[in-house]
Amino acid sequence: MKRNNGFINTTKTQRGFTLIELVVVVVILGFLAVTAIPKFIDLTEQAKQANIEGMAGGFATGVSLARSQWEAEARPQNTDDENTVNYDGTVLFLTTPAATNTTLRAGYPMGTATGSLASGNMNDTRCTQVWENIFAQPPPVSNSITTLNNDTGIKYYVDTDANAGANNNTICVYFLKESLDKDSDGLFLAPDDTTDGNNFTYDPASSAVVVNINNS
């Protein structure tokens, strides 16, 4: 600070960063990126795993509640001797094995339409019906990979696995959308089987709900 003709000169000299300082900053940022990004990715994968595990747990609870209600109501049947239950206002058809079939358990949800109740065979439509009626507020699900890619609101993909059930029946497979592989254009690919993405299966023949974690 200098005096100039009786006035005080408050002008300060300003300087920029030196090259060494800039290099140090870049190195620090690089170090943070190397250490933080893997942790972030790991947290993302953990979130995907927790998501499908939570959905599977809620699904299994819903299946158990539907069967418990059927048992509590003395195993009601329709006029065709098929097991049914009015679950929260919706009539669900349940597995109805023949007397000689010891591998198919009775009373587990197979959807809102009759047919195949003695075999436990599921298809995309039945799997979707069970999903939409077991959950109190079901997240959107689709069996079309095109719809899955075009509608950002859909979070789950439904498919089937043939002859994988306890009664050699076709079972349901529910995939978390964000865990599926993508093509070079960033579009989700339809899974080949339960080894793709994070998913859980539902077998009405045994009531089994099994989680498969493939992206961890």
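Each reported figure results from applying straightforward, stated rules to the coordinates on display, with no laboratory input. Not measured: the values here are computed from a predicted model. Because the Cβ atoms are built from the backbone with ideal geometry, glycine has one as well, and the counts that use them run over all protein chains shown.
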Requested in this report: Based on other C-beta atoms within 10 Å, arrange THR102, THR194 from fewest to most.
Outcome: THR102, THR194
Query raised in the report: Given charges of +1 on the Cβ of Lys and Arg and -1 on the Cβ of Asp and Glu, with all other atoms neutral, how large is the dipole of segment 19-212 about its Cα centre, in debye to the nearest 20?
Result: 360 debye
Report summary line: Here the FRET efficiency for VAL210 versus ILE154, based on Cβ atoms and R0 = 22 Å and rounded to 0.05, is 0.45
Requested in this report: State, to one decimal in nm, how far the label point of THR61 lies from the label point of ASN78, with both points 7 Å from Cα in the Cβ direction.
Outcome: 3.0 nm
Query raised in the report: In the neighborhood of PRO138, defined by Cβ-to-Cβ distances under 13 Å, what is the net charge if each Lys or Arg adds +1 and each Asp or Glu adds -1?
Result: -1
Query - Average silhouette area of segment 44-163, convex hull of alpha-carbon atoms, in square nanometres - result: 8.8 nm²
Query raised in the report: What is the sum of charges around ARG67, taking Lys and Arg as +1, Asp and Glu as -1, for the other residues whose C-beta is under 13 Å from the C-beta of ARG67?
Result: 0
Query raised in the report: Using Cα-only point scatterers and the Debye equation, what is log10 of I(q)/I(0) for segment 54-105 at each q in 0.13, 0.14, 0.27 Å⁻¹, rounded to two decimals?
Result: -0.35, -0.41, -1.11
Report task. For GLN46, put the label point 7 Å out on the Cα→Cβ axis and report which residues of segment 178-216 keep their amide N under 20 Å from it. Result -> 178-179, 198-199, 212-216
Requested in this report: Set Lys and Arg Cβ to +1 and Asp and Glu Cβ to -1, take the dipole of segment 19-212 about its Cα centre, and tell me which of LEU187, GLN69, THR90 lies farthest positive.
Outcome: GLN69
Report summary line: Taking a crude spin-label model, label points 7 Å out from Cα along the C-beta direction, the LEU187 to THR114 distance in nm is 4.1 nm
Report summary line: Contact order relative to length for segment 19-212, counting C-alpha pairs under 8 Å separated by 6 or more residues, stands in percent at 18 percent
